[in-house]
Amino acid sequence: MAKKTFVYRLTFDQAQGSETGEVIAMDEADAKRQLRVKYVCTRLPDDTLLIEKPAEGKAGKSNEARSVKSAKARQLLHIMADHHVWLKNGKGGIRANLNRLNLAGLKIPHAALPHADIAEADLSFADLGKANLQNANLVRANLQGANLQGADLSGADLSDADLRDAVLTGAKLKGTDLWRANLIGCKISPKALHTALSCRSS
């Protein structure tokens, strides 16, 4: 199994600020194990953020392209950290604004982005498995081929979103707005779709 690069951000003491960096690991569990060893702790902070950097692809890809991908992951880490603070008390934090950002292909399973503004963002082929996207604004977002398996999209606005070939199995869609969303080829259970469309049994 090929090793992966994860970008992390964790805070043990608010007064001392956050620790950020990268760790190369087999998977997310291995990355967390390495961080526990590095920081000599038995448990990482609950708000620890860990994002897998996209694969570099074919050999010969420019350093500039790899740098851009790394910058996107780091930018997202900072946005999510500020959003986490905003969700807790609103003081010092900022609501996540991912409006129109190009985050295609990023792997951010378990991302906590409820109430975030993600309108018109490019999340095509991104991994958002089991992400918390409750009440998020995803109007006209590009989620083509994205993994949303087990994600919580309750109350989210996905009107005009591109969900072609997206995976929505096990996703929570209660109160989700799918008005004019493109669902061609997406994987979704009939029951979940009926829930999102507020269908009633006759």
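For K38, a cut-off of 13 angstrom between C-alpha atoms picks up these aspartates and glutamates, skipping any fewer than 8 places away in its own chain: E19, E22, D30. Select from T42, A126, N102 the residue farthest towards the positive end of the dipole of the chain; place +1 on Cβ of Lys and Arg, -1 on Cβ of Asp and Glu, and compute about the Cα centre. Checking the options against the dipole of the chain, the answer is T42.
Adding -39500 (n - 2.57) for every DSSP H run of four residues or longer, then dividing by how many residues the chain holds, sets the calculated 222 nm ellipticity at -7000 deg cm²/dmol. Of K72/K191; K3/K174; K32/K72, which ones are farther than 32 Å apart at the Cα? Distance filter (> 32 Å) returns K72/K191; K3/K174.
With N the number of residues in region 105-164, Rg(Cα) / (2.2 N^0.38 Å) evaluates to 0.94. Could you work out how far apart the two model spin labels at H110 and H194 are, taking each label as a point 7 Å from the Cα in the direction of the beta carbon, and quote it in nm? It works out to 3.4 nm between the two label points.
Computed about the Cα centre, the dipole magnitude for the chain is approximately 300 debye when only Lys and Arg (+1) and Asp and Glu (-1) carry charge, each at its Cβ. For the chain, treating each Cα as an identical point scatterer without solvent, what Debye log10 I(q)/I(0) comes out at q = 0.08, 0.12, 0.15 1/Å? For the chain, the Cα-only Debye profile gives -0.29, -0.63, -0.95.
Read-outs: derived from the displayed coordinates by stated rules, not from any lab. Everything quoted here is computed from the prediction, not taken from an experiment. For neighbour counting, all protein chains shown are included, and Cβ atoms are generated from backbone atoms with ideal geometry for every residue, glycine included.
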